[in-house]
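The values are calculated or read from the model by the stated rules, or taken from the named source; none is laboratory data. The structure displayed is predicted, hence computed values, not measured ones. Virtual Cβ from ideal backbone geometry, glycine too; neighbours counted across all protein chains shown. Keep in mind that these areas ignore ligands, DNA and RNA; they rest on the heavy atoms of the full protein, side chains included. Shrake-Rupley method; radii C 1.70, N 1.55, O 1.52, S 1.80 Å.
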Amino acid sequence: MSNVFSAKRFGKYFVYDLGRAKDNFGLSLLILGLLPVAFYVLYQLFSLIGPAHSFGSGAGFSAYRGLSLIIAVFVAVAVFPVKVYGPLTDKRSGSAFLMLPASTLEKWLSMVLITCIVLPVCLAVLYMGSDLVMGFVFPKTYGTPLLSQYRTILSDFASAAEFDSHGVHPGWALALNWCFYVLAFTLGSMYFKKGKVGLTLLSLFGIVVLVLIVLSSFSLSMGGDLAVWLQNLDPDPDKAFRVFIGWAYALMVLELLVVLGLTYLRMRTIQH
């Protein structure tokens, strides 16, 4: 049996890792999935004690629906890694992790699959499911379910970013961003012993500031005008924008590869 990767051994560890994730974050994930219900109930209770003393409309509730989705995504991305992989910095839990019969590659691959695929799929099923039920039960006061309008939402997002006219699907950008941020918080949870979420946020903020400084310097060196720079890339605006989007995607992929490599390195070097 290979010391680096064994399909049978990986399968057993992956099932164990899934069970550990369920035990540490299962209830929290269920609560996040039911946020549409909780927000709707609170909104209607507040509307009943308001001047009109009537059920709030779906139009008025739409902003709160968006807020509940933002909260669900942020908590899942920031808190899940801390609750599931954060204990690895603890001497007792970390030592137990090192003793598990699986290679570093298998442990790392399981972590990537759970954070980048299993977690968003489970969150989407729970959140969209409760949103769908609420939309069908209370169509006038809750509004149209997200599943019924996701194509419109993506189309509007693409149009606002001028993606649709250049054949770029926003879903890829959203997926890459999810993977990057959830892995960044996973990396932070395995590096920092205390204040894992806060210190990771500060680290990300520092990186963003550094990147903006570099981009600003680059922009100034090119005359400080993005439109002129794009025109210099290619006289055809569509082709120039495609090149720009291609570089943007390449940067996102590079960021993802870096954080993947750092999480693997951290798993490999954990010692207690």
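So the check is Cβ under 7 Å with 6+ separation or different chains; which pairs have a first residue in segment 55-81 that's assigned to a helix (DSSP H, G or I) and a second one that's at pLDDT 95 or above and open to solvent by 70 Å² or more (accessible area, probe 1.4 Å)?
Val77/Tyr181
Among residues belonging to segment 5-20 that are farther than 18 Å from Met99 by Cβ and within 29 Å of the chain's Cα centre (by Cα), point out the one that is surrounded by the fewest Cβ atoms within 10 Å (Cβ to Cβ).
Out of the qualifying residues, it is Ala7.
Within the bounds of segment 106-129, is there any residue that is in a loop (DSSP other than H, G, I, E, B), open to solvent by 60 Å² or more (accessible area, probe 1.4 Å) and out of contact with any Phe, Trp or Tyr (no Cβ under 8 Å at 6 or more places or on another chain)?
no
Within segment 147-187, take every residue that is at pLDDT 95 or above and of a type outside the set (Phe, Trp, Tyr) and give me the one that is surrounded by the fewest Cβ atoms within 10 Å (Cβ to Cβ).
For segment 147-187, the residue satisfying everything is Cys179.
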